[in-house]
Structures are given as structure tokens and as C-alpha cells.
Amino acid sequence: MNPVLDLRVERPVAGGAMLARHDGRVVLVHGAIPGERVRARVDRERRDVVYATVIDVVEPDPDRRSLDGDPTCGGQVYRHIAYERQRRLKSEVIIDTLRRIAHMSSPGQISVASSVQRGYRMRARLHAGSVGLGFLREGTHVVCDPAQTGQLLSETERIIAEIGQRLVCSSGRSVLYVDIAENIDADQRVLHIRFRQEHALKTVSAWTVDCRLSGVAYSTRDKNSTQVVFGIPVVSDRLMALSGHAGADECRLQRHARSFFQGNRYLLPALVSAVCRRITTGPVVDLYAGVGLFAVALASRGLDAITAVEQDAFAHADLIANTTGVWPQIGVVGASVEDFLVRGSDSIPGTVIVDPPRTGLSPTVVERLSERGVSRLVYVSCDVATFSRDVRRFREVGYTLEEIEAFDMFPSTAHIELVATLRR
């Protein structure tokens, strides 16, 4: 039987846990709020750290709120905390992580832009289970009902429930996962189904047409090969809706369900504006450009000499579609960021945007950006820890961190989106 500890909770840390101490050891406890006294069950131990989960709140904080769903479904580790307190805790996490990892003594106060808490999510990966489609319960392969998280629109939840039941009946264990994407207005919604076996397609194509979807596609063993079941398997938005820039009203930006795209329909325009506000003249190199969100937003504001670099096959296809014949000032490069930077030896003038995956920048990218004389970087990050690590690396070669903004793209989760400028 796992031991139970009596703890006084101290502060938040990256990843959603709260820090406490017991007999001189650090305890990372889930389900607590700083200042509370709790009883927590030990889940596992390492030599220097204990991991625990709250089973009883002895002295609750006033910001504790009642739970109306499973906080472990979809990673909602802050769900028990009042929303304004969530934002303050995330600000503390940013400052603490920069202090510990980037070795910055005083990054200053950082506010976290708030989001509508329900129905904000435009894209999701759903896993197949015995009861249908859903998110995974944190730290497990157990499928849970996405409707209890409130992250998706109610209409989207109904469609997922319907599709999930039909998939269970028709395809069973043939489905690995399902990617769903919709546009901001939710009047376009597409599905991509990843199968284990080809034969499952026949049973799916018969019923997806009447599920209020604008397009369905699938893939099997060859993950880079996609076949259309029906409709148009992309969604699109007016660029003005994505960027908040009136001059972009007539332009649209498309994306496949498999292409990475920022997920929060309510905060996306503010995020794009934060990036564009930092870049007033070209040339610009947009690394990890995705479907071209930042590159096209900048082009619509009159900037020229923009280079967009993207390796992923699906995002690159969207990037080509979003720029060819529309934005001639954008040059598209289909390559990894490492290959693009290693190929050239000349200096890179102007501004470089980096929006890497959660793992952050590789040492090669940091080294090559420095060697090629990049004077200004706009860094968009979805992970505070890897961002802080990269900030430390850039500071070691002469860059200064300026003007950090934070966005609560996933309320009630531990995720935080950052936009910052690094100047040499």
C-alpha cells in the first residue's frame, strides 16, 4: 500500500504539479494549490523526488473550485483552481523556470492572456477505445470522454460521440487514432482516420457522409499517403479572422487535419498580432513555418522578402497552397530547419521567427543561427522548460531576452504559449 504524506504546498512548477517537501525531500504533488495543507498518496519515487496525488484537502485555499469532470482526462491538471488564479500560477511558473533554467535573476512580471474556457479548441487527436473516441487519461492509455473536459464545442462533441460509436461497431481495433480539425466559425469540420489495416475503409466510407463533416480522409501503413473518402479534407479561415488585420479580409488560409496549427480559436488573433507587432520590416525567415500563418500574416501587412521553411509533408502542401499565386513575396523551402541552416554560409539579415515543437531548438539550430549572424529572433514556444533552456543557450552567445508575452491557449491545463524577442 502506497504511503500517505501530510504536506504544506509551496509553489507551482512546470508540468502542472505543485512543490512541497517532506523529510527534506522534494514532493511534486498533483491536485493541490500553493498554501494548502493536503494529504497526498505517493505514486512513485526517485532518489531525490517523490511524486504524489492529493487524496484529502485538510486546509483548502479559497481559490479551490469543485470538479465537474475527471481532471486527468486531457491533462486538465489545473481544473480544480479558479481561473484567475490559474493565470497567476502560470505567470509564476514562467518566472521560476526562467530563473532556474535560463539563469535570469529578474525577468519581471509576465501576464498571461486569458481565454474563453469552453469550446476553445479547433483541433484534437482522438484515440479509439471500447466506448468510442476520446482523449487519453493522463499517464495512461485509457480513453476518456472528451465532453467532460469542455475543450470542444458541444456540436463537435456530439459528432465525435456519433463517429466513435460507429467506428467501434464497424472497424473495432482497426483504428489507431482520429484527427479532427475545424475552422474558427466551426462551419467547416474535417476528419482524418489513421487505420492499421486497409480493409476497414469500406465500412467507414458508407456512413461518414451523413455525420455533418465537410471532408474525410484516411491513411494506413504509409503515414505520408492520404486518401480522400469524400468532400474536401481541409478547413480554411479568412486571414483577417486569424490575424485581426483588416487588410487581409479577402485572403484565406487552409490546413489539413494532419497539419500542425494553433488550437485556440479565441486567442489565435492575439498570438498572431503579438508576432507581427515585433516585425515591422523585412527580410524575414520563418522557420518551422507550418501552413504559413505568420509568413502570410506578415505579407498581408506589406512585408516582403519572406522565406518560409517547413519539412512536414502535409503542412508544406498547405504552405504551398496558401502562398502560390497569392503572396509572391514568400519563398517556400521544403526542408528541415537544420538542413536549411547548414546549407548556407552567408549571414541572415532581418528577423528570424522560430516556432519549434515542444522539444524546442536543437543545439545545431542555436549554433547555426548564431554563426550566421542573426541579430533578432522572435521565438514562439509551447513549452516553458525547453524555451528557458534555449534562452540560456542564446544568452551564452550574446543574445538578450526582451518583451515576453504569454497566452493561455489551453485553460485548466499546464500548457503555456510564449512569444518573446531575443536580440543580439
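Odds and ends about this structure:
- Listed residues V326, A270, S388: farthest to the positive end of the dipole of the range 267-423 (Cβ charges): S388
- For the pair N2 and D23 in one chain, pulling the backbone fully straight at 0.36 nm per residue adds 5.9 nm over the alpha carbon distance.
- The 3J(HN,Hα) values that the Karplus relation (6.51, -1.76, 1.60; θ = phi - 60°) gives for the range 231-240 are, in residue order, x, 10, x, 9, 10, 9, 10, 5, 4, 4 Hz. Gly and Pro appear as x.
- Rounded to the nearest 20, the size of the Cβ-charge dipole of the chain about its Cα centre is 600 debye, with Lys and Arg at +1 and Asp and Glu at -1.
- Of D187, D346, D70, the residue with the greatest mean-square motion in the GNM of the chain, using alpha carbon springs below 10 Å, is D346.
- Antiparallel DSSP beta bridges within the chain, percent to nearest 5: 70 percent
- For I353, residues with placed amide H under 5 Å, excluding near neighbours: V285, D286, L287, V378
- Rg/Rh (Cα only; Kirkwood hydrodynamic radius) as it applies to the chain: 0.98
- Listed values for the range 75-91 are Karplus-derived 3J(HN,Hα) couplings in whole Hz (6.51 cos²θ - 1.76 cosθ + 1.60, θ = phi - 60°), namely x, 8, 6, 9, 4, 7, 10, 3, 4, 4, 5, 3, 5, 5, 5, 5, 4, and x replaces Gly and Pro.
- Cα centroid separation, the range 332-392 to the range 65-87 (Å): 34 Å
- Estimated FRET transfer efficiency when R0 is 60 angstrom, pair R158-E371 (beta carbons, to 0.05): 0.70
- Its Cα gyration tensor gives the range 267-423 an equivalent ellipsoid, and the semi-axes of that ellipsoid, as √(5λ) in whole Å with the largest first, are 22, 19, 15.
- Cα lying deepest toward the dipole's positive end in the chain, options S412, V77, M1, charges on Cβ: M1
- Between R118 and T281, the distance separating the two model label sites (each 7 Å from Cα on the Cα→Cβ line) works out to 4.9 nm.
- For the range 160-168, backbone phi angles converted through the Karplus equation (6.51, -1.76, 1.60; θ = phi - 60°) give residue-by-residue couplings of 4, 4, 5, 5, x, 5, 5, 5, 4 Hz, Gly and Pro being listed as x.
- Simple label model, 7 Å out from Cα along Cβ direction - Q165 to D43, nm: 3.3 nm
- Alpha-carbon Debye profile of the range 1-115, log10 I(q)/I(0) at 0.09, 0.15, 0.19 Å⁻¹: -0.25, -0.68, -1.06
- Close amide-amide hydrogen proximity is noted between V50 and V26, V27, L28, each under 5 Å apart and 5 or more residues distant or on a separate chain (H modeled in the peptide plane; Pro and chain starts excluded).
- Peptide packing for 325-331, 61-67, 352-358 was compared via the average number of neighbouring C-beta atoms within 10 Å per residue; ordered from the highest value, the list is 352-358, 325-331, 61-67.
- Less than 5 angstrom separates the built amide H of R11 from those of L19, all sequence-distant by 5 or more or on a different chain.
- P(r), alpha carbons of the range 209-352 - 5 Å bins starting at zero, rounded %: 2, 9, 18, 21, 20, 14, 9, 5, 2, 1, 0
- Taking other residues whose beta carbon is less than 10 angstrom from the beta carbon of C73, and scoring Lys, Arg as +1 and Asp, Glu as -1, yields -1.
- Shape box of the range 365-424 [Cα atoms, principal axes, largest first, Å]: 40, 17, 14
- Convex hull volume per residue for the range 1-47, taking Cα atoms only, in Å³: 81 Å³
Every number here is computed from the coordinates shown, using simple stated rules; none is lab data. Only a predicted model underlies this, so the values are computations on that prediction, with no experimental measurement involved. Because the Cβ atoms are built from the backbone with ideal geometry, glycine has one as well, and the counts that use them run over all protein chains shown.
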